Amino acid sequence: MAETINADMIIHDVVTKYPSTVKVFHGHGLPCTACAVGARESVAGGARTHRFTPEKLDVLLKDLNASVNGEPISVAPKKAPVGRGVPLQMSPAPADRKIKQVIAIMSGKGGVGKSLVTGLLAVSLRRQGLSVGILDGDITGPSIARMFGAKGQPGKSPSGGIDPLRSKAGIKIMSMNMFLEHESDPVVWRGPMISSAIKQFYSDVEWGQLDYLLVDLPPGTSDAPMTVLQSLPVDGIVIVSSPQMLATMIVMKCVNMVRQLKGVIVGIVENMSYFETPNGEHYEIFGPSNGTELVSMSGSPLLAQLPIDSALTTLCDAGRVEEYYSPTYELLAENFINTLKIKR
Ligand SMILES: Nc1ncnc2c1ncn2[C@@H]1O[C@H](COP(=O)(O)OP(=O)(O)O)[C@@H](O)[C@H]1O
Ligand SMILES: [Mg+2]
């Protein structure tokens, strides 16, 4: 029998190419095909996670290959659990792309500091010498360009694409602000136009080689964030929350949407967790921090708990976010990089 599937193949790739194998995985008691994180593992990795012996892995591989060849398998095939309606899928990443990782930053609502976390994560990654771009996916409420003091219109790249603006530290930035005559001009567009602008920001912009492209999503779980997750090759999602948000279950909405789209949550950032006075007194202004609950609800790691810092607001308003330094954000970047290494 020809062996088409081997232990090193990624589960997601196997079931995408050979849908009949989903039932085999589940027949063997492996839930990985239905798990956003598990599906990114190799067959051997999934088996290891679920404590398969080498012999059990061999039987699984035999059955997977048998099902591809239309031959009988040794266990009763089992249907995979499915969500309601048509399962949604995130866009798969082309293997040869120049942008190594596309990461979307998401939050259930506006004003929790999603753009700020995007900006500061980019700053910390750049400080480590990595090449970083920010696609401001918040078309109607763009704030990235301003935070970095990036002004002017993007030019044309030698190949005819759009050349993104660059921050002082060399972060490439693309934002709707750059196309408005006045920064305060409103963008009154409907969903489809917003979606196509976001897609163009990805495909028509000459991003060049990037380690990370961070996409600052518009708030909520509506059309626009869904377009980003479905039409851009997003590798992972960072969810930004605040202590208040947990109480209203908004975080869970995000988590569920990502799961439905079969996306990977890299981790959660809790912003505005506390405020510290200059003499070290600690106040939890928006209620107690919810680190543990966030982790257990989302099944994803907590990447950082960020304090409220008025110096930040001042620097952002002045377009000088890159001058901000706090070890908390360096730690955020470190946790982010390490978590991605594990999840890929
Ligand atoms: N940790 C923080 N400390 C101080 N100000 C913050 C913090 N997080 C966010 N802000 C401020 O709150 C406002 C909203 O943040 P923003 O990143 O624009 O939110 P979102 O993108 O989620 O709508 C901004 O003025 C920002 O500078
Ligand atoms: Mg924003």
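Determine which single condition residue 131 fails, assuming it passes every other condition in (1) surrounded by 20 or more Cβ atoms within 10 Å (Cβ to Cβ); (2) farther than 21 Å from residue 218 by Cα; (3) in contact (Cβ under 8 Å) with a residue 60 or more places away in the chain; (4) in contact with a Leu (Cβ under 8 Å, 6 or more places away or on another chain).
(1)
Can you tell me which residue in the range 218-238 is nearest to ligand 1 (Cβ to nearest atom), limited to those that are closer than 16 Å to residue 260 by Cβ and surrounded by fewer than 18 Cβ atoms within 10 Å (Cβ to Cβ)?
Checked the range 218-238; the qualifying residue nearest to ligand 1 (Cβ to nearest atom) is 222.
From 67, 107, which residue is at pLDDT below 95, touching a Ser or Thr at 6+ places or on another chain (Cβ under 9 Å) and within 16 Å of ligand 2 (Cβ to nearest atom)? Step through it out loud before you land on a result.
On the way: 67 fails: within 16 Å of ligand 2 (Cβ to nearest atom).
Within the list 67, 107, the selection yields 107.
Would you check which residues across the range 143-175 are within 25 Å of residue 314 (Cβ to Cβ) and either at pLDDT below 90 or among the hydroxyl-bearing types (Ser, Thr, Tyr) (or both) and list them?
Within the range 143-175, 143, 151, 152, 167, 175 meet the criteria.
Please go through the range 149-177 and pick out each residue that is of a type in the set (S, T, N, Q) and surrounded by 18 or more Cβ atoms within 10 Å (Cβ to Cβ). So that I can check it myself, show each step before the final result.
First, the residues of the range 149-177 that are of a type in the set (S, T, N, Q): 153, 157, 159, 167, 175, 177.
Correct list: 167, 175, 177.
Here are the criteria: (1) out of contact with any Phe, Trp or Tyr (no Cβ under 8 Å at 6 or more places or on another chain); (2) in contact (Cβ under 8 Å) with a residue 24 or more places away in the chain; (3) within 16 Å of ligand 2 (Cβ to nearest atom). Tell me which single one residue 324 does not satisfy.
For residue 324, the exception is condition (3).
Please enumerate the residues belonging to the range 199-214 that are under 19 Å from residue 161 (Cα atoms) and outside any helix (DSSP H, G or I).
Taking the range 199-214 and keeping what is under 19 Å from residue 161 (Cα atoms), we get 199-210, 213.
If the condition is that a residue be under 19 Å from residue 161 (Cα atoms) and outside any helix (DSSP H, G or I), then 204, 205, 206, 207, 208, 209, 210, 213 are the ones that fit.
Just to verify a result, which residue in the range 261-314, among those that are farther than 25 Å from residue 148 by Cβ, in contact (Cβ under 8 Å) with a residue 12 or more places away in the chain and among the hydroxyl-bearing types (Ser, Thr, Tyr), is surrounded by the most Cβ atoms within 10 Å (Cβ to Cβ)?
300
May I ask you to verify whether residue 241 is among the small types (Gly, Ala, Ser), crowded, with 21+ Cβ neighbours inside 10 Å and touching a residue at least 60 places away in the same chain (Cβ under 8 Å)? Outline the logic, then answer.
On the way: among the small types (Gly, Ala, Ser): yes; crowded, with 21+ Cβ neighbours inside 10 Å: yes; touching a residue at least 60 places away in the same chain (Cβ under 8 Å): yes.
Yes: the conditions hold for residue 241.
Are there any helices (runs of 4 or more DSSP H) wholly within the range 248-344 with 3 or more residues that are under 24 Å from residue 101 (Cβ atoms), and if so which? Spell out how you get there, then give the answer.
Numbers: elements: 250-260, 291-298, 310-317, 327-343.
It comes to 250-260, 291-298, 327-343.
Return the only residue of 135, 88, 30 being modelled with pLDDT of 95 or more and aliphatic (A, V, I, L, M).
Working: 88 fails: modelled with pLDDT of 95 or more; 30 fails: modelled with pLDDT of 95 or more.
Within the list 135, 88, 30, the selection yields 135.
The values are calculated or read from the model by the stated rules, or taken from the named source; none is laboratory data. In this text, all values refer to a predicted model and were calculated from it rather than measured experimentally. In this analysis, Cβ positions are derived from the backbone assuming ideal geometry, glycine residues included, and neighbour counts consider all displayed protein chains.
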